[in-house]
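Novice: Following this message is one structure expressed as structure tokens.
The values are calculated or read from the model by the stated rules, or taken from the named source; none is laboratory data. Not measured: the values here are computed from a predicted model. Heads up, the Cβs are rebuilt from the backbone with ideal geometry, glycines too, and the neighbour counts pull from every protein chain shown.
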């Protein structure tokens, strides 16, 4: 990468940091800005596009590791309470149905794909990204349980989809006869080893940090750095013993959240901020690599797939999964619509480019078009629909039970209230 490109990227991040607090939808506009920067870098020849996938591979991998670990660590099962059944429905029924529907639709509509690339598209587009719907998950007019339902689903579905993406890439590589293709059997073994290593590293690391904290051995300002290193340790440790590092990172985050105690989510904050920074770089990388591919390969059938992926493929499985969950039709439609596709889908697409090369182009085009459309559609509709839904539910009977605390949304830090007020609404001291 040219030094001019480094200067442009750094200047863009700094400029973004100076104005982001004044933008109501920072997480929605950031992807557009940084993808555009990446496209400009490619157009100006400041980045050698053919070598970009290999050059950016470390960035893409560390981003996915930190995102998977932090997303999983934020969600503590004991804190989910009586809503656990709803989360289980969305993740255990809705997510698999979304993958199946997307897989069948990709085989039918998207040209130039076999069975494995179609599965890759479906699995990569199954995860949602609550950070792209900030006006929904931070609007107090939306009932707290609905906000948390969207946030928790987003925090866990990327990790659950990761094994499917890994299997799809391995299957596509084997079908194409690519060198060093792992094969399906080896890929499954790697997934199993990754689960074991991730759980062990996360549980032991979280337990040790909690034990040291209780004895005053751990400096509070360094705990976040320790968690960041633990995420990398789970990934690298799995690779050392022949496991899948991404699955290990997700399982490590789950285990850390269970073992670290109630201070765990606070100690993940530094990791979230670091992943927020590298996520901006991933949006740039996506602009460098994927925009040229999209401009060359997009067609009407791919655009139609993107529209159906954001509507029918997402909303129908959610509606089926939430039958009997005690939610009215308006709430089911609201949750079904707000399933933005974002960072995880982009990272999966970039990983496919790295592993499969040009063979991945049809899948990358479908994923990229869907994400771009999601950024625009969910960005335009988030604030007005959240306000409209909040006003509608305000006229009904109050939600049973006490309001539940919000789970932080992955992304760069921002103030959710007026100056001098914390997120909880209490004055700062």
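Novice: Is segment 238-257 home to any residue that is crowded, with 17+ Cβ neighbours inside 10 Å, assigned to a loop (DSSP other than H, G, I, E, B) and in contact (Cβ under 8 Å) with a residue 24 or more places away in the chain?
Specialist: Checking segment 238-257: at least one residue is crowded, with 17+ Cβ neighbours inside 10 Å, assigned to a loop (DSSP other than H, G, I, E, B) and in contact (Cβ under 8 Å) with a residue 24 or more places away in the chain.
Novice: Take the conditions assigned to a helix (DSSP H, G or I) and either over 21 Å from residue 148 (Cα atoms) or touching a residue at least 24 places away in the same chain (Cβ under 8 Å) (or both) and apply them to residue 340. Does it pass?
Specialist: Criteria not met by residue 340.
Novice: Only one of these conditions is not met by residue 358: (1) part of a loop (DSSP other than H, G, I, E, B); (2) modelled with pLDDT of 55 or more; (3) out of contact with any helix residue (DSSP H, G or I) (no Cβ under 8 Å at 6 or more places or on another chain). Which number is it?
Specialist: Looking at each condition in turn, residue 358 falls short on (1).
Novice: Within the bounds of segment 159-166, is there any residue that is part of a helix (DSSP H, G or I), within 30 Å of residue 330 (Cβ to Cβ), at pLDDT below 85 and under 14 Å from the mean Cα position of the chain (by Cα)?
Specialist: no
Novice: Out of all the residues in segment 117-137, is one or more without any contact (Cβ under 8 Å) to a residue 60 or more places away in the chain, surrounded by fewer than 22 Cβ atoms within 10 Å (Cβ to Cβ), touching a helix residue (DSSP H, G or I) at 6+ places or on another chain (Cβ under 6 Å) and in a helix (DSSP H, G or I)?
Specialist: Scanning segment 117-137 turns up no residue that is without any contact (Cβ under 8 Å) to a residue 60 or more places away in the chain, surrounded by fewer than 22 Cβ atoms within 10 Å (Cβ to Cβ), touching a helix residue (DSSP H, G or I) at 6+ places or on another chain (Cβ under 6 Å) and in a helix (DSSP H, G or I).
Novice: I would also like to ask the following. Quick one: would you say residue 377 is more than 15 Å from the chain's Cα centre (by Cα), in a helix (DSSP H, G or I), within 30 Å of residue 16 (Cα to Cα) and at pLDDT 80 or above?
Specialist: Criteria met by residue 377.
Novice: So which of 55, 49 ends up being closer than 25 Å to residue 271 by Cβ, at pLDDT below 80, over 18 Å from the mean Cα position of the chain (by Cα) and surrounded by 11 or more Cβ atoms within 10 Å (Cβ to Cβ)?
Specialist: 55
Novice: OK, next. Please work out if residue 232 is in a helix (DSSP H, G or I) and farther than 18 Å from residue 347 by Cβ.
Specialist: Considered against the rule, which asks whether it is in a helix (DSSP H, G or I) and farther than 18 Å from residue 347 by Cβ, residue 232 comes out as no.
Novice: Among the residues of segment 97-114, write down those that are touching a residue at least 60 places away in the same chain (Cβ under 8 Å) and over 12 Å from residue 366 (Cα atoms).
Specialist: Within segment 97-114, 97, 98, 99, 101, 114 qualify.
Novice: Right, here's the next one. Let me confirm something: among 369, 318, 332, which residue is over 21 Å from residue 276 (Cβ atoms), over 21 Å from the mean Cα position of the chain (by Cα) and at pLDDT 85 or above?
Specialist: 332 is the lone residue from the list that is over 21 Å from residue 276 (Cβ atoms), over 21 Å from the mean Cα position of the chain (by Cα) and at pLDDT 85 or above.
Novice: I'd like to check something: does segment 75-90 contain any residue that is over 30 Å from residue 361 (Cβ atoms), modelled with pLDDT of 80 or more, in contact with a helix residue (DSSP H, G or I) (Cβ under 8 Å, 6 or more places away or on another chain) and surrounded by 23 or more Cβ atoms within 10 Å (Cβ to Cβ)?
Specialist: Yes, segment 75-90 has at least one match.
Novice: Does residue 175 satisfy being farther than 18 Å from residue 345 by Cβ, surrounded by fewer than 19 Cβ atoms within 10 Å (Cβ to Cβ) and either touching a strand residue (DSSP E or B) at 6+ places or on another chain (Cβ under 8 Å) or modelled with pLDDT under 90 (or both)?
Specialist: Spelling it out, residue 175 is indeed farther than 18 Å from residue 345 by Cβ, surrounded by fewer than 19 Cβ atoms within 10 Å (Cβ to Cβ) and either touching a strand residue (DSSP E or B) at 6+ places or on another chain (Cβ under 8 Å) or modelled with pLDDT under 90 (or both).
Novice: Of (1) surrounded by 15 or more Cβ atoms within 10 Å (Cβ to Cβ); (2) closer than 19 Å to residue 67 by Cβ; (3) modelled with pLDDT of 85 or more, residue 229 satisfies all except one. Which?
Specialist: So the condition that residue 229 fails would be (1).
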